[in-house]
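All remarks here apply to the structure that follows.
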Amino acid sequence: MQSVSPAYLKTNLLSGLTVALALVPEAIAFALVAHVSPLTGLYAAVLVSFITSAFGGRPGMISGAAGALAVVMVALVVEHGVQYLFAAIVLMGLWQMLFAAARLGKFIRMVPYPVMLGFVNGLALVIFIAQFGHLKVNGQWMQGAQLATMLGLVAATMAVIYVTPRITKAVPATLIGILVVTAGAALLGIESKTVGDLGSIGGGLPQFALPSVPFNFETLRIVLPYSLVLAGVGLIESLLTLTLVDEITETRGQPNRECMAQGAANVVTALFGGMGGCAMIGQSMINVNNGAYGRLSGMSASLFLLSFILFGSSWIEQIPLAALIGVMFVVCEKTFEWGTFRTIGKVPRADTLVVVLVAAVTLIFDLAVAVLAGVIVSALVFAWQHAKQIKVATSVDAQGWKVYELDGTLFFASVAHFNGLFAPKDDPQDVVVEFRRARVVDHSAIQAIDALAERYRALGKRLHLRHLSPDCRELLEKARDMIEVNVLEDPRYRVADDKLA
């Protein structure tokens, strides 16, 4: 358990304040993307952040209203209204809790590193590009002095953030950057776009209410597809962000616990007028870069954000938007894995391709599609590489029998190569296939062995199969009488097959 020292309190509370300030424009912007009110996004940030920070499996990770979810929500809101969105978010949360109850969160560890790298770089680019939307007014790009002022404040914020650690680390550099630029703009009378220009953040406490929709099959038909997509996107982004925070903090989170907390948070936020959410890589990076690895940082960020809504909206709305854009630009710079460029030519080309593919698909489509594409391509590359690694050495023993000694993995991708290793017509009357150094992995391999046995049987020749695992022997049908059993030497691995328990 994390010790509660003065240094711990200061670090996590100040980081929580910084994260709360960074959550405001993001929550409002994503709410507008989803075609819901700004408070709907802010309430989601408050509730999801607090619940996941208090009960989740990755202390230090920040969750809230996320853009990856907002782009999925917009079609449902436009066509059916916000109440159907709340119903979909409740169902989304239930799916996520079911995922956690089935203890499936551990499978995130199977995501290859190149996919993880592409995910990080892709999201850094998404966050970076998203900031340019704030440089528009009524859909038109800023011009002249207005644009110059905005960019000047962004540059000033970034400069303060980069210089501050050289002077002091007592206060998060991002918080100092926001405060200095906000104070400077106020003292110098600099007119610039502010947080309040996105929408008012003032409001009361969120109120409990069941989604105002008919509780019938038609409603389920409408919200079910959206709930599944939202649950999948939310879990993928949360679990990949969890893995990233694990690497940065050199600690290990609990994926299933995080999935359960994410699901519970989404159910609660939907019942209190929030748009739902998941982990946010930008705010999480702000938090961990500030050294705030405890639960208090996310919980305090939630409470600070709630206080902004209840009491401090008039002050928060005066913060120049450029200050928060500057913070997010620094986050992008720190999040992007610049070492990716140094690995080009030093790692397999397939891995480089996966990194670029995942980053590009994240930009063009969404995170879920990108990760799925990356995993599929990585799996195909793995299968192709291992399919070429099955080898055979042939010899003739003292009895005049030809011996095929296999070396490698026999599975669906290597079956075709396996079949080409044998020449039944040219072989003598007795042939031995030695599996001592080969591993039979799946049912496709079993079928290939059966088919090989049938080829020799049809020619009236005897095939001897040695050192097959017990599981293989049980599954073989046509070759059952050709197996030579040696209990002391036969391997004990299991074949991945649906027939086995």
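The values are calculated or read from the model by the stated rules, or taken from the named source; none is laboratory data. Not measured: the values here are computed from a predicted model. Neighbour counts run over all protein chains shown; Cβ positions are idealised from the backbone, glycine included. Please note that ligands, DNA and RNA were not included when accessible areas were found on the heavy atoms of the full protein model with its side chains. Shrake-Rupley method; radii C 1.70, N 1.55, O 1.52, S 1.80 Å.
On a per residue basis, the chain carries 46 Å² of accessible surface, using protein heavy atoms and a 1.4 Å probe. Counting only alpha carbon atoms, the long axis of helix 255-271 and the longest principal axis of the chain meet at about 40°.
Note on the chain: helix-only mean residue ellipticity at 222 nm, from DSSP H runs of 4+ residues weighted -39500 (n - 2.57) and normalised by residue number, equals -19500 deg cm²/dmol.
Antiparallel beta bridges, as assigned by DSSP with both residues in the chain, represent about 40 percent of the total such bridges.
Rolling a 1.4 angstrom probe over the range 168-258 with all protein chains present gives an accessible area of which 64% lies on carbon and sulfur atoms. So what is the relative contact order of the chain, in percent, for Cα pairs below 8 Å that sit 6 or more residues apart? For the chain, the relative contact order is 24 percent. Maximal additional length on extending the A54-L98 stretch stands at 13.9 nm, based on 0.36 nm per residue less the C-alpha distance. Could you tell me whether the range 274-336 comes out rounded, prolate or oblate from its Cα gyration tensor? Rule is a ≥ b ≥ c as square roots of the eigenvalues, rounded for a/c under 1.5, then prolate if a/b exceeds b/c, otherwise oblate. Cα axes put the range 274-336 in the oblate bin. What the Cβ-Cβ distance of K106 and F412 gives, at R0 = 22 Å and to the nearest 0.05, is a FRET efficiency of 0.35.
Projecting the Cα atoms of W95, A265, P206 onto the charge dipole of the chain (Cβ charges, centred on the Cα centre) puts A265 farthest toward the positive pole. The Cα atoms of the range 185-281 give a gyration tensor whose axes a ≥ b ≥ c have a/c of 1.5 or more with a/b no greater than b/c, which makes the shape oblate.
Separation of the range 420-466 from the range 260-290 is 56 Å, based on Cα centroids. Computed from the C-beta positions of Q83 and S200, the FRET efficiency with R₀ = 22 Å rounds to 0.50. Helix 144-167 and the longest principal axis of the Cα set of the chain meet at an angle near 70°. Which of the three applies to the range 79-145, rounded, prolate or oblate, going by the alpha-carbon gyration tensor with a ≥ b ≥ c and a/c under 1.5 meaning rounded? Verdict is oblate for the range 79-145. The string of couplings for the range 117-133 from the Karplus curve (6.51, -1.76, 1.60, θ = phi - 60°) is 5, x, 4, 5, 5, x, 5, 4, 5, 4, 4, 4, 5, 4, 5, 5, x Hz, one whole number per residue in order, with x for Gly and Pro. Computed from phi, the 3J(HN,Hα) profile of the range 303-315 under the Karplus parametrisation 6.51, -1.76, 1.60 (θ = phi - 60°) reads 5, 4, 4, 5, 5, 4, 5, 7, 10, x, 4, 5, 7 Hz, with x in place of Gly and Pro. Computed over Cα pairs, the Kirkwood radius of the range 1-70 leads via Stokes-Einstein (1.002 mPa s, 20 °C) to a diffusion coefficient of 165 µm² per second.
Once the Cβ-Cβ distance of E337 and L421 is raised to the sixth power relative to R0 = 51 Å, the FRET efficiency obtained is 0.75.
The H on the amide N of T194, modeled in the peptide plane, is under 5 Å from the matching H of L321, each at least 5 residues off or on a different chain.
The relative contact order of the range 89-215 comes to 15 percent, based on Cα pairs under 8 Å that sit 6 or more residues apart. Near the amide H of V432, within less than 5 Å, lie the amide hydrogens of K402, V403, Y404, H464, all on another chain or at least 5 residues away, with H placed in the peptide plane.
In whole percent, what relative contact order does the range 242-388 give with Cα contacts below 8 Å and a gap of six or more residues? The value is 14 percent.
Angle, helix 349-364 long axis vs. longest principal axis of the chain, Cα atoms, 0 to 90°, nearest 10? Around 40 degrees separate the two axes. Extension gain, I376 to V137, is 81.9 nm, computed as 0.36 nm per intervening residue step minus the present C-alpha separation. Pairwise inverse Cα distances across the range 1-124, averaged and inverted, put the Kirkwood hydrodynamic radius at 16.7 Å. Summary of the geometry: the range 109-124 and the range 183-202, compared by the centres of their Cα atoms, lie 36 Å apart. Multiplying each eigenvalue of the alpha-carbon gyration tensor of the chain by 5 and taking the square root yields semi-axes of 57, 25, 20 Å, largest first, rounded to whole angstroms. Which of the lysines could a cross-linker bridge to K10, judged by Cα under 28 Å and excluding same-chain residues fewer than eight apart? List returned: K169, K334. Based on alpha-carbon centroids, what's the gap between the range 395-412 and the range 4-68 in Å, whole number please? Cα centres, the range 395-412 to the range 4-68: 62 Å.
The phi-based Karplus calculation (6.51 cos²θ - 1.76 cosθ + 1.60; θ = phi - 60°) puts the 3J(HN,Hα) values of the range 383-398 at 4, 5, 5, 6, 5, 7, 8, 7, 10, 9, 10, 10, 7, 10, 7, 5 Hz, whole numbers, x for Gly and Pro. Residues whose amide H lies under 5 Å from that of G277, counting only those 5 or more places away or on a different chain, are absent; hydrogens are built 1.01 Å from N in the peptide plane. Would you mind checking the range 153-180 for residues with the amide N under 20 Å from a putative spin-label position 7 Å along Cα→C-beta of A7? Correct set: 165-174. Each peptide in 211-219, 302-310, 261-269, 168-176 was scored by the mean count of other Cβ atoms within 10 Å over its residues; highest first, the order is 261-269, 302-310, 168-176, 211-219. Given their separation in residues at 0.36 nm each and the Cα-Cα distance between them, Q146 and W401 gain 83.0 nm when the chain is fully extended. With the simple spin-label model, which puts each label point 7 Å out from Cα in the Cβ direction, the N216 to H386 separation comes to 5.2 nm.
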